[in-house]
């Protein structure tokens, strides 16, 4: 056998052990990272009406958006949900005994996330829309009639 062909048992094993360890570590990192990043989403359901003139203190961060966008004098928080959404995996929220709300992360890019929002009343779809949000921004969607006024959805995404 030629001098360069002789394998030193320990050196040979160390070289391949290091290579194997590197490949194993690389695969572990790839496989353990989430295949689909999650978007932290806050969904607030707000009742807007002309009964009274108060704005729920928990909605103070939305005060400047609510008043000019909707012609109501009173805003009350009905529900505040924090969701971790993965692409194309809808989250369903029972908003009222006969109303179901579904929110789905459709796409996520570096600068925005796109959501589909559906509302069904007694099984019939009454709202189906898509919105695109920048990180930390909130979008308001006027929803169905609720009590003396309407329901408003406030969606905020953090990613």
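Is one or more of the residues making up the range 63-82 at pLDDT 95 or above, over 16 Å from residue 151 (Cα atoms) and within 23 Å of the chain's Cα centre (by Cα)? Yes; the residues of the range 63-82 include at least one that is at pLDDT 95 or above, over 16 Å from residue 151 (Cα atoms) and within 23 Å of the chain's Cα centre (by Cα). Applying the condition of being touching a residue at least 60 places away in the same chain (Cβ under 8 Å) and closer than 14 Å to residue 46 by Cα to the range 110-142 and asking which residue is surrounded by the fewest Cβ atoms within 10 Å (Cβ to Cβ) yields 142.
Hey, among 59, 43, which residue is modelled with pLDDT of 95 or more, surrounded by 11 or more Cβ atoms within 10 Å (Cβ to Cβ) and assigned to a helix (DSSP H, G or I)?
Numbers: 43 fails: assigned to a helix (DSSP H, G or I).
The unique qualifying residue is 59.
Within the range 57-82, residues that are within 14 Å of residue 153 (Cα to Cα) have Cβ atoms under 6 Å from residues that are part of a helix (DSSP H, G or I) in these pairs: 75/59; 75/66; 77/58; 77/59, counting only partners at least 6 apart in sequence or on another chain.
Does the range 115-133 contain any residue that is out of contact with any strand residue (DSSP E or B) (no Cβ under 6 Å at 6 or more places or on another chain), under 21 Å from residue 39 (Cα atoms) and assigned by TED's automatic domain parsing to the domain that holds residue 69? Checked the range 115-133: no residue is out of contact with any strand residue (DSSP E or B) (no Cβ under 6 Å at 6 or more places or on another chain), under 21 Å from residue 39 (Cα atoms) and assigned by TED's automatic domain parsing to the domain that holds residue 69. Which of the residues that make up the range 116-138 are under 20 Å from residue 62 (Cα atoms), out of contact with any helix residue (DSSP H, G or I) (no Cβ under 9 Å at 6 or more places or on another chain) and in a strand (DSSP E or B)? Those that are under 20 Å from residue 62 (Cα atoms), out of contact with any helix residue (DSSP H, G or I) (no Cβ under 9 Å at 6 or more places or on another chain) and in a strand (DSSP E or B): 117, 131, 132, 133.
The values are calculated or read from the model by the stated rules, or taken from the named source; none is laboratory data. Being a predicted model, the structure only gives us computed values, none of them experimental. All Cβ positions, even for glycine, are placed from backbone atoms using ideal geometry, and neighbour counts span all protein chains on display.
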